[in-house]
Structure formats: C-alpha cells, structure tokens
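Below is one structure, written out as structure tokens, with a few remarks after it.
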Amino acid sequence: MLDDAEIFAALSKRYTRSFTFRELRRAVQALSTLYVERRKAANKAFDSDGKRAAFALYYGTLHFLTVREVVSRLPNAIDGFEKIVDLGCGTGIAGAAWALCADCPATLGVERDGWAVGEARWTQQLLGLSGRVYRGDATQWRLPGSGSGVLAAYVINELDDEGRQGLQNSLLDAASRGATILILEPVARRVAPWWPQWAERFEDAGGRNDTWSLSLPFPDWFVDFDRATGLNHAVVKARSLFLRGK
C-alpha cells in the first residue's frame, strides 16, 4: 500500500505535467468561485483541461484527507464492508479514502463525466483497489444493501430538487436493507439549504448529523496553492450524515 507521500507525489506528477503552477493556481481560483457562487459547478468544473487538473490535484487531495479523517472518527465506519459505492465519484479519490481506511479492497464508482470516469479507474489502479467505474447518473443507480458502504461526497448539492429528493429516498431505502450511508458536504448553509431536512430524516432513521473542524496533513504543494490563491485550509470544516446499516 502506498503511503501519503507516495500518493500525493503520484497525483502531483500526473496533474502538473502539462501545466505551470500559475496556470493551476488560476484554475483552482476559478473552481473556488464556481463552488462558492453555485454556478452549476458540476457542469463547469470539467470544462477545460486546466480545471480538470486542478480539481483532481487540489480538490482531490482535500476530499481524500477529509473523508479519511471523518470515517476514522465515526464509530463503526471502517469495518464490515465488502465494497464501497462512490456516487458522483469524480476521480474516485473520496471513495478510495474510505475503502483504504476500511481495509476494503473493492470500490464501485458512478460518474456522469467521461474524463472523470477514466481518472477514477486510474485512481483505483494507483491505490491497488479492485472494482468498476460506470458512466451514469447517480440518482438512477440501484443501490446495494448489506455489506456495502455508500458514499455521496460533495455531490448532492449539485443535483436539482427532484434528483436530490429521489436520491434521498434511495439512500434511506439502501440503509433499510443494510447499507451504510455517508454524506459529506461543506458547512456553509447558503451552499446547502437542503441540509436540515436531510438531517432530520437521517436522524429519524437512527443516523448521525456531525459538523467537523479538522486539521489535515496536507503536502507542501497544497499549502503553496493555498497561499497563492488566498484560500485557507488550516482548519477544514465539513459536515456529515452517517447511517449505519443493520
């Protein structure tokens, strides 16, 4: 298994080879603006090579470390899984983080963007994980039950109201059949005004609603991007819904 330094070195090598630091800095800033202003970020995040590279390198690292820290703190979040299903998986790094923590060798990714599907397959190979990545709509995917962890990390906010409600019902149904559900999103209420209703339903089903303030071991190049872009991840804030399947 690769250690953190090896993982971050592989990401840096893959996604910086065609771009200068300045180009990637600009792309990180553009992505940050998309997510803050909610300008259909899911559709525009991959609309240029620079944004794709910045997303995979910068936000991929952020999501990997955040998911890993959260699942390590949640009770019963890293045992008993045969596979991790990563909905709207992007480059597959968030689902991989949970799988590695859970010592679960298999991940299944669902992603609508063709470029990201290819990168998720590369991520599986890099980290020694088996499984498949499918190009498809996460809201239409038939979710598994017992023995599975189902992750929706930084994706539900990108759905329209109909898709979001349908996915909520599917996730709760999967939990009733034994799946363990983890949802992760930023803390800003304006970014996710739907959160209170989701939290209420998950808590009613026996789940947890947590807010996190995390100090994460970022590589030096991530800190350099933070400094150059004016972003600050000295403390990473996130919130999660977690429902352990029976």
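For the range 197-246, give me each residue that is assigned to a loop (DSSP other than H, G, I, E, B) and surrounded by 13 or more Cβ atoms within 10 Å (Cβ to Cβ). So that I can check it myself, show each step before the final result.
Residues of the range 197-246 that are assigned to a loop (DSSP other than H, G, I, E, B), as a first pass: 205-207, 215-219, 230-235, 244-246.
If the condition is that a residue be assigned to a loop (DSSP other than H, G, I, E, B) and surrounded by 13 or more Cβ atoms within 10 Å (Cβ to Cβ), then ALA205, GLY207, LEU216, PHE218, PRO219, LEU231, HIS233, ARG244, GLY245 are the ones that fit.
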Members of the range 100-140 that are surrounded by fewer than 22 Cβ atoms within 10 Å (Cβ to Cβ) and touching a residue at least 60 places away in the same chain (Cβ under 8 Å): ASP113, TRP115, TRP122, LEU126, LEU127, GLY128
Strands (runs of 3 or more DSSP E) within the range 61-162 that include 3 or more residues of a type in the set (A, V, I, L, M, F, W, C): 83-87, 106-111, 148-153
Candidates VAL36, VAL67 - the one that is at pLDDT 95 or above and closer than 28 Å to GLY163 by Cα: VAL67
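The values are calculated or read from the model by the stated rules, or taken from the named source; none is laboratory data. This one's a predicted model, so the numbers in the text were calculated from it and none came from an experiment. Virtual Cβ from ideal backbone geometry, glycine too; neighbours counted across all protein chains shown.
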